[in-house]
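Student: Below: one structure in structure tokens.
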Amino acid sequence: MLKEVFIDHYIYLALTLFCIGVLGVLIRRNAIVLFMSIELMLNSVNLLLVAFSSRMGDAAGQIFVFFIMTVAAAEVAVGLAIIVMLYRNTRSIDIGDANKLKW
Amino acid sequence: MNTILALLILAPVVGFLINGLYGHKLSKNLSAVIGSTAILVSFICTMLLYKTVPETGSRIQFFNILSLEAFNLDAAFLIDHLSLMMMSIITGIGFLIHLYSAGYMHHDKGMSKFFAYLNLFIFSMLLLVAGSSYTLMFFGWEGVGLCSYLLIGFWFTNGEYANAAKKAFVMNRIGDLGFLMGMFLFLQNFGSLDYSVLKEGQLHISSGMATAITLLLFVGAMGKSAQLPLYTWLPDAMAGPTPVSALIHAATMVTAGIYMIVRSNALFVMSPFTMHFIATIGLATALFAGTIALFQNDIKKVLAYSTVSQLGFMFLGLGVGAFTSGMFHLMTHAFFKALLFLGAGSVIHAMSGEQNIAKMGGLRKQIPITFWTFTIGVFAIIGIPFTSGFVSKDEILNATYAFSPMYFYLAAIGAGLTIFYMLRLWYLTFFGNFRGTKEQQDHMHESPLNMTLPLMVLAVLSIVGGFIQLPELFHGHPYLNEYLSPVVKNLVAEHGTEGHEGFEWALFGGTIVVLIAMFAWTSNLFGKKESVSEKYSGFAGVLENKYYVDEIYNFLVVKPIEHISVLLSKIVDNKIVDGMVFITGKFVTWSGTTLRYIQNGQTGFYFLMMSIAIVVMLAYNLLFKL
Amino acid sequence: MLATYAFFFLAFIAIFFALLVVFSKNPIHSCLYLVLTMFAIAGNYVLLNAQFLAVVQLIVYAGAIMVLFLFTIMLLNLSSENEPVKSNLIKFIATIGGGSLLLVFVLALKKTDLGPAPLMFPNPNQQGMIQNLGKVLFSEYVFPFEVISILILISLMGAVVLGRKDKKVNPINE
């Protein structure tokens with residue numbers, strides 16, 4: 001059992017969360033779950049930024065996380081509105097049905 | 001002198017620009033006045049130059065056009081006795097023909113266009129003769145070719161005329177290629193294209209190289225001056241309006257080749273082979289065209305072949321070394337052939353556009369001025385003693401005899417042919433009964449003054465033009481030879497004529513005898529003809545069809561090229577070139593239709609692809625880069 | 001030492017619930033698991049001495065965003081029954097893809113030299129304090145801050161516009 005925690009551990013944690021997010025996007029068709037997976041990925045990146053910020057003793061990383069959270073909030077607001085519209089029009093939130101822009 | 005020269009050269013350009021750019025806004029009369037005035041200004045300037053030009057000529061440089069390490073091109077003009085003589089002929093006869101055109105083209109809609117072309121032609125021709133280098137000469141050479149094309153095809157709505165124009169252009173291009181290559185060789189050998197290098201005894205090249213250059217230059221002359229085998233365009237060029245035929249295809253442009261050879265005489269005398277070749281080609285052309293002219297029924301065609309034949313005589317003169325005699329004949333020919341063409345134009349005008357002499361006859365009463373002036377022209381060309389044609393042709397024949405008696409006899413036959421076909425033309429047109437339609441007879445009228453005046457002036461010139469160089473036999477003095485002597489020397493004249501006095505008398509006597517015989521014979525044959533057959537049989541038929549030269553060229557050159565073109569277009573262009581283009585297009589279409597299935601609208605799929613791409617890129621970096 | 005155990009515990013919680021987010025059938029369950037993941041991450045922020053962000057994480061993510069998700073799910077009345085399912089082949093390929101991505105990332109990390117790594121705990125840095133962050137945010141990053149506020153405003157309007165019931169729009173599948 002490891003007795004100490006280094007930056008590596010945080011990187012592995014962030015990577016694992018990120019890949020779980022990717023997996024979620026790949027295997028799920030529910031648009032809302034897809035969205036959640038994306039939030040998961042964003043969070044993993046945030047975690048990494050905070051970890052590096054602490055290690056470097058630089059506040060910029062945390063400021064960035066702050067901004068990312070803001071953007072995520074905006075994105076979720078708009079994205080969920082779009083999903084609602086999608087559902088209203090197609091009676092489905094299957095991402096596979098949203099393929100009208102293909103060619 | 002600079003100002004005068006600039007005015008001389010630029011006046012036609014101004015006329016061209018005004019008529020060319022604003023012609024549609026000008027009235028017909030104004031167009032004619034502007035066009036003619038421009039040439040009149042040039043003519044007056046030329047006359048003014050006579051006083052100021054020094055004997056050795058003067059090179060007047062305006063500015064430098066192009067300066068390269070190996071090549072220098074100046075906008076410079078060489079004004080000496082030779083170019084001055086040519087300029088006088090061009091502007092003088094040019095002015096008369098402009099004047100004549102004002103009447104002749106009066107019914108035509110494209111009057112301003114016509115005068116614009118004519119002005120441009122005069123400008124190009126002046127550039128050709130006055131330029132001080134082969135480069136400028138070539139500019140003019142191409143310029144007159146262009147104008148010739150434009151004017152032959154002046155009535156371009158007629159497909160046949162347009163084809164004649166194209167034919168002239170293409171034939172000239174063949175010659176131009178030779179001229180260009182000659183120029184390149186010249187440049188390579190002398191490092192400059194300026195005439196200043198052309199000094200006798202200072203040209204240090206081998207005789208083989210001299211032969212090559214001169215032969216190539218002569219090819220250019222063949223094209224421009226309608227010699228065998230490139231002469232066929234000239235008879236077809238009669239499709240253009242008659243003043244054009246008079247100006248371009250009789251008096252000036254076709255003599256460009258002769259001018260070019262005389263200008264480069266220092267080079268040509270270095271190659272006896274070329275000189276011999278020129279003489280042979282000239283003689284062959286003179287005979288060949290002369291025989292064709294015997295049985296032509298189109299008044300302009302007869303004159304056209306006669307022009308080719310006379311040009312042949314000029315080349316014969318040059319070839320035997322009588323450069324000034326060639327120039328002399330050029331000048332007299334310009335007078336009487338312009339006169340004949342303008343007279344023919346007047347006849348055509350009177351006959352409401354009819355050109356076939358088989359349908360004319362007895363015109364001397366209705367159009368007396370035309371008749372008399374035309375008669376003078378005919379007399380001059382057939383060599384009635386002491387007319388200009390007699391003197392100049394006599395000189396060439398003399399020189400030819402000194403060169404080779406056999407050439408002389410053949411040339412004499414050529415001269416005899418001239419007498420025959422010109423008298424035939426004369427008799428058929430002006431004597432006997434009228435063979436045309438009733439309407440033509442009713443419309444018959446003498447041409448207006450602005451058309452007859454040039455005829456009269458040219459008639460006077462045709463008579464007195466020879467007096468500047470009467471043979472010594474008649475106590476004349478070779479003024480022209482002396483005048484041109486700073487530029488060009490007659491090789492034959494140096495021998496003198498003393499030993500040949502008896503021969504000259506014989507020639508004179510022979511001429512008179514032949515003339516009388518011909519008059520009697522032709523007046524008997526054609527004087528009172530009721531009808532003229534349009535078709536001839538036997539050898540005459542061959543002659544009437546111009547030895548089938550056009551057909552032979554068609555078969556030997558045009559058709560094979562056409563076939564090859566069709567072949568190339570069908571196989572190389574349609575299959576290979578188009579094929580490659582189509583394949584490109586088809587590939588794009590195919591790849592588009594195929595790849596669009598990848599664009600399936602499935603977000604998950606896109607994301608998967610993105611992930612795979614990231615994996616691949618990172619893996620590549622890991623394996624090969626880090 | 002306690003902090004080390006805390007880290008591993010939080011990491012385990014985060015990964016475990018993240019997996020549940022992805023694999024649970026019911027979207028509402030997914031959403032709740034995601035809230036738990038957020039909590040674990042917020043705990044990590046506390047460990048890293050970034051108290052302000054930890055609080056913001058709880059308020060914004062776990063509080064606001066996830067509640068928005070829940071609202072939407074309930075609004076659309078979704079349940080596991082009408083959850084569309086992808087074929088097993090695609091799931092397999094996707095798993096391979098995600099796995100290889102992780103593998104490549106880890107390999108890349110192994111090859112990277114991160115320098116002498118200091119211990120993360122206890123973190124002596126005080127830059128995660130609200131006072132310090134406020135100073136940086138309102139001096140150095142004041143312009144992006146203002147811009148981001150406009151972004152929020154715009155997204156607010158966008159959400160309203162998109163969510164409005166439009167009479168003219170004809171539903172496609174009806």
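Read the figures in this text as sums done on the coordinates, not as results from a lab. Keep in mind the model is a prediction, meaning the values are calculated, not measured. Note: ideal-geometry Cβ built from the backbone for every residue, glycine included; neighbour counts use all protein chains shown.
Student: Where in the range A:26-53 is the amide nitrogen less than 15 Å from a point lying 7 Å along the Cα-to-Cβ axis of C:V147?
Tutor: From the range A:26-53, the list is empty.
Student: Further, regarding this structure: What does the charge add up to near B:I174, with Lys and Arg as +1, Asp and Glu as -1, over the other residues with Cβ less than 14 Å from its Cβ?
Tutor: +2
Student: Counting Lys and Arg as +1 and Asp and Glu as -1, what is the net charge of the other residues whose Cβ lies under 15 Å from the Cβ of B:G282?
Tutor: Summing Lys and Arg as +1 and Asp and Glu as -1 gives +1.
Student: As a footprinting exposure proxy, order B:T387, B:T589 by other Cβ within 10 Å, with the fewest listed first.
Tutor: Ordered from fewest to most neighbouring Cβ atoms within 10 Å, B:T387, B:T589 come out as B:T589, B:T387.
Student: What chymotrypsin sites (Phe, Trp or Tyr not before Pro) does the range B:56-122 have in DSSP loop regions with at most 13 other beta carbons within 10 Å?
Tutor: Sites meeting the loop and neighbour criteria: B:F71.
Student: Need the full-extension length gain, B:T589 to B:F71, defined as separation in residues times 0.36 nm minus the C-alpha distance. One decimal, nm.
Tutor: Values: separation 518, 0.36 × 518 = 186.48 nm, distance 5.25 nm.
My answer for the length gained is 181.2 nm.
Student: Just to be sure I understand the model, the point goes 7 Å from the Cα along the line to the Cβ. What's the resulting C:T95 to C:A6 distance in nm?
Tutor: Placing both labels 7 Å beyond Cα along the Cβ direction yields 3.6 nm.
Student: For C:31-37, what's the mean count of beta carbons from other chains sitting within 10 Å of each residue's beta carbon? Display every interim value, and only then the final one.
Tutor: Values: counts 4, 0, 1, 8, 0, 0, 7.
Going residue by residue through C:31-37 and averaging, the value is 3.
Student: Would you give the gap between the C-alpha center of the range B:131-177 and the C-alpha center of the range B:348-394, rounded to a whole Å?
Tutor: 28
Student: Something else now. Within 10 Å of each residue's Cβ, count the other Cβ atoms and sort B:E551, B:E544 from fewest upward.
Tutor: B:E551, B:E544
Student: Taking the Cβ of each residue in C:S24, B:S42, B:S112 as the centre, tally the other Cβ atoms inside 10 Å and list the residues starting with the fewest.
Tutor: So the ranking, lowest neighbour count to highest, is C:S24, B:S112, B:S42.
Student: Tell me which residues come under 5 Å, amide H to amide H, from B:F62 once H is placed; ignore anything under 5 positions away on its chain.
Tutor: B:A75, B:A76, B:F77
Student: I want the local charge near C:L103. Using Cβ-Cβ distances under 15 Å, sum +1 for each Lys or Arg and -1 for each Asp or Glu among the other residues.
Tutor: +2
Student: Let me have the 222 nm mean residue ellipticity of the protein assembly as shown computed from DSSP H runs of 4+ only, each contributing -39500 (n - 2.57), with the sum over all residues rounded to the nearest 500.
Tutor: Details: 36 runs with 613 residues, N = 903.
Result for the protein assembly as shown, helices only: -23000 deg cm²/dmol.
Student: Fully extended, how many nm does the chain gain between B:V513 and B:E446 (0.36 nm per residue separation, minus their Cα-Cα distance)?
Tutor: Fully extending the segment from B:V513 to B:E446 adds 20.6 nm.
Student: Which FRET efficiency, nearest 0.05, do B:T603 and B:L21 yield, Cβ-Cβ r, R0 41 Å?
Tutor: The calculated FRET efficiency here is 0.05.
Student: Can you pull out the GluC sites (Glu not before Pro) in the range B:52-160 whose DSSP state is coil and whose Cβ has at most 14 other Cβ atoms within 10 Å?
Tutor: Loop-located and lightly packed - B:E55, B:E69.
Student: For B:S565 and B:F156, what is the calculated FRET efficiency with R₀ set at 25 Å and r taken between the beta-carbons, to the nearest 0.05? Provide the component values of the computation, followed by the final result.
Tutor: Values: r = 23 Å, r/R0 = 0.93.
E(calc), rounded to 0.05, equals 0.60.
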